[in-house]
Each structure stands twice: as C-alpha cells, then as structure tokens.
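Have a look at the structure below before the remarks.
The values are calculated or read from the model by the stated rules, or taken from the named source; none is laboratory data. Note that the structure is a prediction, hence the values are computed from the model and not measured. Please note: Cβ atoms are built from the backbone with ideal geometry, for glycine as well, and neighbour counts cover all protein chains shown.
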Amino acid sequence: MRKILIFDTTLRDGEQSPGFSMTVPEKLAMAEQLARLEVDILEAGFPIASRADFESVREIARAVGSRVVVAGLSRALPDDIDRAGEALKGAGRARIHTFIATSDLHMAHKLKMTRERVVETAVAAVRRARRYTDDVEFSPEDASRSDREFLYRVLEAVIKEGAGTLNIPDTVGHSMPWEFGGLIRDILSHVPGVEKTVISVHCHDDLGLAVANSLEAIRAGAGQVECTINGIGERAGNAALEEVVVTLRLRPEQFGAETGVKTEEIAASSALLVEVTGIPVQPNKAVVGANAFTHASGVHQHGVIAKAETYEILNPRLVGVEGMRIHLGKHSGRHAFRRRLAELGADLDEGAFEGAFQRFKDLADRVKEISDDDLRNLAGGGGPESAPAGPFVLEHLQFTSGTDIVSHATVTMKVREETVMHSAWAYGPVEAACKAIDQACGMTGKLLEYSLRAATPGKDAVGEVRLVVEYEGMRAEGRGASVNVVESSARAYVAALNRLIRVAAAEGKGPKKA
C-alpha cells in the first residue's frame, strides 16, 4: 500500500476563510490537536502576512517539535522566503512552501510578468528557500488552467533547483475529476526528474469536487493531499481532510493507498475547530456532521438496530464518535421507540407501550426534538393524555389571551362518558382554563401551588406543570406536560381533580356543583 502524506492547511488556507481567523493561542491549540491526529505536514501560516501569523508559525514550530513537519507559506519573493525561514528556525522539521502563478490569465492580469520571468522567479525562490531547509515545496498557482507545456517547463526547472514536493493546485475548483487525474498522469510522464519528487494536490471546492479531484489524483499517482478540517478555506473551501482520509480507510482496494492519520481523533479535531472559531459544521456534513451517524426514518432505525451495516458503511468509533444516534421524531417507528425506552429502564407491557407510543407520535408532530425527559414522562403516562384514570378527560382546549384583553378559554371534556363544553373569562389564560374545567366537572378546586419547568431545551421546550389543588379539605397533586404551557396547566389541573374524586370516593364524599 502506498503511503499518502496528509498536508493539513487548516491554519493557513482554512484560516483565510471569512470568520475563521484565529489568535495565536487558538492556533497553538489546533496545532496540538493536529499533532494528535498525526497529520504528516502542518502548514502553520503565512509568516509575512502579519506579525500574528509570524508568531503563530514560530510558536507552533517550537511546540510540536519533530512530531510533525511544520510548513510556512511564502510567495516567490525574497522577503517572503526570508520571513518564513526566520519563523521556522525552531522547528524540528521545517518546510518552506513557495508559490507563483503559471496560468496565462494570472500572469497577464495579476503578476504582469512574462513566462520567462515567471520561470526565473520560481527558480530563484526555490534556491533561496533551500538556504533555510532542504524540504522545499513549490506550487504553480492555477496549475489546472495553465498551459501544459509551460507547466512542465516550470516544474522541471524547480526540480533541478531542489524542490522535493511539487504541489499541483486546482486553485479555483475548475477541474472535473477525470481532467485533474489526467493532469497528474501527464505531469508524471512528461516532466524530467519528477520521479525524485512527491506530487501533491491542493483542490478547492467551488464546484463541490475538491474531494473527488483529490481522490482521482491519488489514483493517478499523487502522493500528498493538501486539505483542511471540516473542509474550510477560501471561498467554498478545500478538500475536507476527514472525507479524504476516511474514504482511503474504507475503500483501500480502489486506491492501493493509505494514510497514517489517527482517525479516532477526527471528531475531536472537528469539534475543537468549531469551538475555536464559533462556526458550526452543517448537520449533514459527511463524517463529522451532527447527522452523519443519526437515523431518523423508522425503516432505517429498524435496520441499524437489527444490523448496523444495513445503513452505516462506517463504524462511528473509527472517527471518534461514540456510536450511532437514533433520532426520535415523527418519522420514528416502534422499534426505535421501544429500544430507547428499554435503555431508559422503562419496562412497559404491550398495552402501556401502545399508549405511550401514541402519545409519543402526538408530541412528535408538534416538536422537533424529543428528549429523554420527554420519553420518561410519556412512559409514565404524561403527554397529551396524561390525566390519571378518573371521570374527567380533557379532549380539547381553546383560549385567547393578550396584554390588553381579558383571557377567554373553552374546554371540551368527557365527564363520566358525557361530552360537555364550557367557557370562562379571567385575567389570565391559565385561570380561564381552570374556571372552564371547574364548570365542566361540577366542582370548584382551589389552586394552592403552581410550578412550571422546561423539561427540554430550546424555544420549543416541553413545559411541565406541577400543581396542588384543594377541595373540601382534601388536597391532590396533578402534573401535565406539553409544548403549550396553558395546555400543560389544564391537564395538570384535570389530573388533580381526578385524584380528588378518588380521594372523595374513598372517604364517602361527593363533588359539589360549581
């Protein structure tokens, strides 16, 4: 198996992305994590860009020692190269990565240089970089849009000057995979001395093809891939390190190649980058997205519970994720619901399970996220049908309320199997609902205690109400839960009245009319 070198440029190209700028301490923390990830080369920054970039390269070079090759980027300019060399003085293993554009478009409009001048500049840059280190990498910027014969000429010239790594960038993400693979093959077969070098690739994701182009380049003979954690970088980003590495790990027979990356550190690396930058990963991002190992469809949940490989081609633990996640929501089925209840220690008979499952589906139609607290409540009889056994069942509640109107509530209830409807007015919606329930049930309870807590996080949290009601010297507690606080209150009140009825029956008392 060929060893593919992983050149991580999260701290250089990645940091150039808007919003991803990092302080020196933040870069140091990321560098330590990248060392734990065991990338081969760590591009720590662009030393001449700013004092902070210079300091970060210098501090990283000292901190990681010989664990990782530390690279500093420089344009093909003497001052850039000298600044990079100075920053890398303390590195155990140092690399200077220098570049100049080789496409006619860039040479004419950005550099305003002739082809001859570009060749001379590239050669001089490599020669100067070798004063500081024998490990010099050269990049012909915009290589994928460069004239082939001229590109071969530049590469041959820098090889003769001692460049050990030739990085071929698809700078603007323009290439198709078959085109980019063809470019790598052509370089390997047309550039004299190329066999003494490592061919690297640096692909951008403007068309969403950075990973595909990088993988095709490996198939064509490239030995190094430049990439970033979470695929961050200029414009649409770079090839995502985690996707390249995991693909090679999962499908080695397609590439005859592997990396030395410690894949179990991938999730931690992604999470640290999010923590440092404050910019989250999109949920559906491959390998490291929150949904990468989450299953929401009932069909999929049933499959992965029976055999993980049915819907998971990758073991989550391979990348440092504890395991699959079953998302319980409106698309979930009985298998996933039963499994999670069992994990929570809720052992229900078939009848109780079916009741809990129906309450779960009712709740899932109204909220995006159902927590373990919700599930415990549902298993215990909470939710839309949470009232304990008794003569009163709240079937429907409607209310109006506002800052400058009197609240009004209407309830439809089953009272000893008879459907009744009553309305009431009050200063607040909870009071109006309780008054309407009193009228429907024919008894007036006195509310002694009332508490509300959010049983789940978020703006769509389930509110759990606990209250104590007194009636004819007797007291009873009631609980109710719903995303609607007034509904939670009404259900808790009905639950308390049902308990009071049972207490009254036991003591030989009957309810008074309201």
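Would you mind stating whether ALA222 is more than 20 Å from ASP40 (Cα to Cα) and of a type in the set (A, V, I, L, M, F, W, C)? Quick ask: steps written out before the conclusion?
On the way: more than 20 Å from ASP40 (Cα to Cα): no; of a type in the set (A, V, I, L, M, F, W, C): yes.
Considered against the rule, which asks whether it is more than 20 Å from ASP40 (Cα to Cα) and of a type in the set (A, V, I, L, M, F, W, C), ALA222 comes out as no.
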Residue under evaluation GLY458, criteria (1) in a strand (DSSP E or B); (2) exposed (fewer than 15 other Cβ atoms within 10 Å of the Cβ); (3) not charged (D, E, K, R), criterion not met: (1)
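When the stretch 256-277 is examined, which residues are found to be assigned to a loop (DSSP other than H, G, I, E, B) and either among the aliphatic types (A, V, I, L, M) or not assigned by TED's automatic domain parsing to the domain that holds LEU209 (or both)?
VAL261
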Out of all the residues in the stretch 417-437, which are surrounded by fewer than 18 Cβ atoms within 10 Å (Cβ to Cβ) and in contact with a strand residue (DSSP E or B) (Cβ under 8 Å, 6 or more places away or on another chain)? THR419, VAL420, MET421, SER423, TRP425, TYR427, GLY428, GLU431
Considering only residues that are at pLDDT below 80 and part of a helix (DSSP H, G or I), look in the stretch 292-321 and name the one that is surrounded by the most Cβ atoms within 10 Å (Cβ to Cβ). GLN301
Check off (1) assigned to a helix (DSSP H, G or I); (2) crowded, with 20+ Cβ neighbours inside 10 Å for HIS202 and give me the number that stays unchecked. (1)
Out of all the residues in the stretch 217-233, which are in a helix (DSSP H, G or I), aliphatic (A, V, I, L, M) and crowded, with 24+ Cβ neighbours inside 10 Å? ALA217, ILE218, ILE229
Given the residues LYS414, LYS446, which is the only one that is of a type outside the set (A, V, I, L, M, F, W, C), more than 39 Å from the chain's Cα centre (by Cα), under 16 Å from LEU397 (Cα atoms) and assigned by TED's automatic domain parsing to the domain that holds GLN398? LYS414
Can you spot a residue in the stretch 177-199 that is under 23 Å from the mean Cα position of the chain (by Cα), in a strand (DSSP E or B) and on the phi < 0 side of the Ramachandran plot? no
Sole residue being touching a Leu at 6+ places or on another chain (Cβ under 7 Å), assigned to a helix (DSSP H, G or I), aliphatic (A, V, I, L, M) and modelled with pLDDT of 95 or more, chosen from LEU166, LEU151, LEU155: LEU155
For the stretch 421-429, does any single residue satisfy the condition of being under 29 Å from ALA364 (Cβ atoms), in a strand (DSSP E or B), within 43 Å of the chain's Cα centre (by Cα) and of a type outside the set (A, V, I, L, M, F, W, C)? no
List every residue pair whose Cβ atoms sit under 8 Å apart, with the two residues 6 or more apart in sequence or on different chains, where the first one lies in the stretch 209-233 and is assigned by TED's automatic domain parsing to the domain that holds VAL261 and over 24 Å from GLU195 (Cα atoms) and the second, anywhere, is among the small types (Gly, Ala, Ser) and part of a strand (DSSP E or B). ALA210/ALA240; VAL211/ALA240; THR228/ALA240; ILE229/ALA240; ASN230/ALA240; GLY231/ALA240
Only one residue in GLU243, GLU253 is surrounded by fewer than 20 Cβ atoms within 10 Å (Cβ to Cβ) and of a type in the set (D, E, K, R), so which one is that? GLU253
From GLN398, GLN439, grab the single residue that is polar (S, T, N, Q) and within 40 Å of the chain's Cα centre (by Cα). GLN398
Matching residues in the stretch 121-138 (among the polar types (S, T, N, Q) and either part of a helix (DSSP H, G or I) or closer than 15 Å to MET107 by Cβ (or both)) number 1
Might you let me know whether the stretch 374-392 holds any residue that is outside any loop (DSSP other than H, G, I, E, B) and modelled with pLDDT of 80 or more? yes
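Taking into account only those residues within the stretch 118-166 that are acidic (Asp, Glu) and within 30 Å of GLY92 (Cα to Cα), which is nearest to the chain's Cα centre (by Cα)?
Step by step, filter the stretch 118-166, then rank; the result is GLU141.
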